[in-house]
Amino acid sequence: MTDMRPLLAALLACFSSAAWAQLPDSESPSEEKAPKSAPAPAKVAPCGQRLPVLRNPLAFAPGELLEFDLDAMGATAGKMTMQVQKKQDGSLPVQIKVQTNSFFSKVRKVDATAVSYLHPKTLRPSRYTEDATENEVRRTVDVAFNPKDRSVRVNYTQKGKPGTNNYSYDHEGLDVAGTIYMMRQLPMKEGLPVCFDVYGVRRMWRMTGTVMKREHVSMPLGEFEAWHLSGTAVRLDKPSMSREVHVWITDDERRLPLAAVGSIDLGAVRATLTSYSRPGEKAKQAQGKEQLKW
């Protein structure tokens, strides 16, 4: 059966990585094991700076709904929605739902929901949850972020067995569901560096990237001027595991996440925006054939 973790790592700092699947309790047998006599693994380079001050006002509001097509290695794999919900106990919840289609479900059937509870001004998470059913097996995750000591506590269940992991982060600790909303608020300019730690797949990763340049993007949704962000996600406890990531965000007040592309050993994975609805605006859906020009 296809291992989904490379796909997760590739989209780690983008849209859908949290909801595809959960990391097994032990490493995959296919992963190379270091001999006992091997030296300690190299450490990931620290972030040289904190995230820049985010733009205000927010580009999104409760009620915004984004819909994406998910493609893996050249084949349509499923659908994803991202929805900003009403404020709850001082937090701004963002919900992501992912469901594989009938074709990809023959490889791995996934029906999952992730929720990031963001601070309504700083967009830093206080809590993150996942509830996923993968090939009829349910897995849950409940993550608590403590900014005072920069710690992350992960409570999870897998195959009915509970477990707990504790992690720490450098300057910034985010989660995969909320990361894209933070990125929408960046003060975009060519050459802007970004670096932060992100929780995903029951591990912490360091995402280091740069705002490249404005590009013209042609999509079924229309023609857009968009900022291209390029970066690399590296697993903190295993620096040899890294994945390249690219994201395109519109250069307008909506800051729509148009697409995310990640590279894996077998090819590319992608999330593409196909429709959106926002409070006070007419909903828009993709029409015609795709002609991506980036």
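The values are calculated or read from the model by the stated rules, or taken from the named source; none is laboratory data. Because the structure is predicted, anything quoted here is derived from the model rather than measured. FYI the Cβ positions are ideal-geometry reconstructions off the backbone, even for glycines, and counts take in every protein chain you see.
Does residue 188 count as more than 10 Å from residue 199 (Cβ to Cβ), of a type in the set (A, V, I, L, M) and touching a Leu at 6+ places or on another chain (Cβ under 6 Å)? Show your work before the answer.
Values: more than 10 Å from residue 199 (Cβ to Cβ): yes; of a type in the set (A, V, I, L, M): yes; touching a Leu at 6+ places or on another chain (Cβ under 6 Å): no.
No, not satisfied.
Just need a number here: residues in segment 227-260 that are under 25 Å from residue 64 (Cβ atoms) and without any contact (Cβ under 8 Å) to a residue 40 or more places away in the chain.
4
Can you pull out the residues in segment 144-177 that are surrounded by 19 or more Cβ atoms within 10 Å (Cβ to Cβ), of a type in the set (Gly, Ala, Ser) and within 19 Å of residue 110 (Cα to Cα)?
Result: 177, single match.
Going through segment 59-83 one residue at a time, which ones are touching a Pro at 6+ places or on another chain (Cβ under 8 Å) and assigned to a loop (DSSP other than H, G, I, E, B)?
Answer for segment 59-83, where residues must be touching a Pro at 6+ places or on another chain (Cβ under 8 Å) and assigned to a loop (DSSP other than H, G, I, E, B): 61, 62, 63, 64.
Could you grab me the full set of residues in segment 89-99 that are out of contact with any Asp or Glu (no Cβ under 6 Å at 6 or more places or on another chain), surrounded by fewer than 20 Cβ atoms within 10 Å (Cβ to Cβ) and part of a strand (DSSP E or B)?
91, 95, 97
Quick test for you: out of 42, 38, pick the one residue that is surrounded by fewer than 20 Cβ atoms within 10 Å (Cβ to Cβ), modelled with pLDDT under 85, hydrophobic (A, V, I, L, M, F, W, C) and touching a Pro at 6+ places or on another chain (Cβ under 8 Å).
42
Taking residue 86 as the residue in question, decide whether it is in a strand (DSSP E or B), surrounded by fewer than 20 Cβ atoms within 10 Å (Cβ to Cβ) and touching a residue at least 24 places away in the same chain (Cβ under 8 Å).
no
Taking segment 53-83 as the region of interest, how many residues are farther than 18 Å from residue 247 by Cα, among the small types (Gly, Ala, Ser) and surrounded by 15 or more Cβ atoms within 10 Å (Cβ to Cβ)?
Total satisfying the criteria: 2.
Can residue 281 be described as in a loop (DSSP other than H, G, I, E, B), more than 23 Å from residue 201 (Cβ to Cβ), of a type in the set (Asp, Glu) and at pLDDT below 90?
So residue 281 fits the description; yes.
Scanning segment 120-143 for residues that are surrounded by 14 or more Cβ atoms within 10 Å (Cβ to Cβ) and of a type in the set (A, V, I, L, M, F, W, C), which turns out nearest to residue 91 (Cα to Cα)?
This residue is 123.
In this structure, does residue 102 turn out to be exposed (fewer than 15 other Cβ atoms within 10 Å of the Cβ) and either at pLDDT below 90 or not in a loop (DSSP other than H, G, I, E, B) (or both)?
yes
Scan segment 147-161 for residues that are touching a Gly at 6+ places or on another chain (Cβ under 9 Å), closer than 18 Å to residue 196 by Cβ and of a type outside the set (Ser, Thr, Tyr) and jot them down.
Once the filter is applied, which keeps residues that are touching a Gly at 6+ places or on another chain (Cβ under 9 Å), closer than 18 Å to residue 196 by Cβ and of a type outside the set (Ser, Thr, Tyr), segment 147-161 yields 147, 150, 152, 154.
Restricting to segment 187-209, give me the number of residues that are of a type outside the set (A, V, I, L, M, F, W, C) and surrounded by 15 or more Cβ atoms within 10 Å (Cβ to Cβ).
8
Across segment 109-146, which residue is modelled with the lowest pLDDT among those that are touching a Lys or Arg at 6+ places or on another chain (Cβ under 7 Å) and outside any strand (DSSP E or B)?
In this case the residue turns out to be 135.
Just one of the numbered conditions (1) crowded, with 16+ Cβ neighbours inside 10 Å; (2) more than 16 Å from residue 207 (Cβ to Cβ); (3) in contact with a Phe, Trp or Tyr (Cβ under 9 Å, 6 or more places away or on another chain) is not true of residue 236; which one?
(2)
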